[in-house]
Amino acid sequence: MKIYTRTGDAGETGLFGGQRVRKDDLRVQAYGTVDECNAALGVARAAGPDPALDAVLAVVQNQLFVVGADLASPGESPYIPRVSAELTSFLEEQIDAMEAELSPLRQFILPGGHPVAAHLHLARTICRRAERVVVTLAAEEEVRPEILTYLNRLSDFLFVAARIANARTGASDVPWQKS
């Protein structure tokens, strides 16, 4: 398979099923932002999280491919994996397990601490942007509601994962200082 096809040289791309859309189409922006979040998770993983957190992040990266495929494939197809309630449940289970290790949050925190945590905070903000784009897309086209639920929960997961990365490395969360 060649990496370049020249089919997008005029600013269009193909969705699953063959429909051609502009590269700035909301659907393309949605799955592109999900891809950006996935890349940010790759950077977080490259920064060296503990093996248990790294394993969970690897699962999440694979889940994000499902989210992207789902967004890139409007309509029905038996060949496309779809976001399911099970994917969201996985995130909730991970959040609950990590929160059991953490002290309760008593103040707002700034992104930072250990490099893994800082990268996870960045991934969280990209996830929130993906969620906003999908909300806009859903106002114009049909989007499976499981996708929005998953992205909302993913941002929660990434926040808690950043906190757990700090806790497990002995780094402190960075408290917000009111002026």
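Quick notes on this one:
- Packing order of peptides 146-159, 89-102, 37-50, highest average first: 146-159, 37-50, 89-102 (average count of other Cβ atoms within 10 Å over each peptide's residues).
- Summary of the geometry: segment 135-171 and segment 51-114, compared by the centres of their Cα atoms, lie 6 Å apart.
- Taking a sphere under 14 Å around the Cβ of G170 and counting the other residues whose Cβ falls inside, with K and R at +1 and D and E at -1, yields a net charge of -1.
- Annotation for segment 1-82: GluC sites (Glu not before Pro) lying in DSSP loop with at most 14 further Cβ atoms inside 10 Å of their Cβ are E76.
- Extension gain for the segment I80 to Q61, taken as residue separation times 0.36 nm less the Cα-Cα distance, is 5.2 nm to one decimal.
- Net charge, I95 excluded, C-beta distance under 12 Å - Lys, Arg +1, Asp, Glu -1: -4
- Long-range amide H partners of I109 with built H, under 5 Å: W176
- When the convex hull of its Cα atoms is projected in every direction, mean area for segment 1-122 (nm²): 10.3
Where a number appears in this text, it was derived from the coordinates with a stated rule and is not lab data. If you're wondering where the values come from, they're calculated on a predicted model, not measured in any experiment. When we count neighbours, we look across all protein chains shown, and the Cβ atoms used for this are built from the backbone with ideal geometry, even at glycine.
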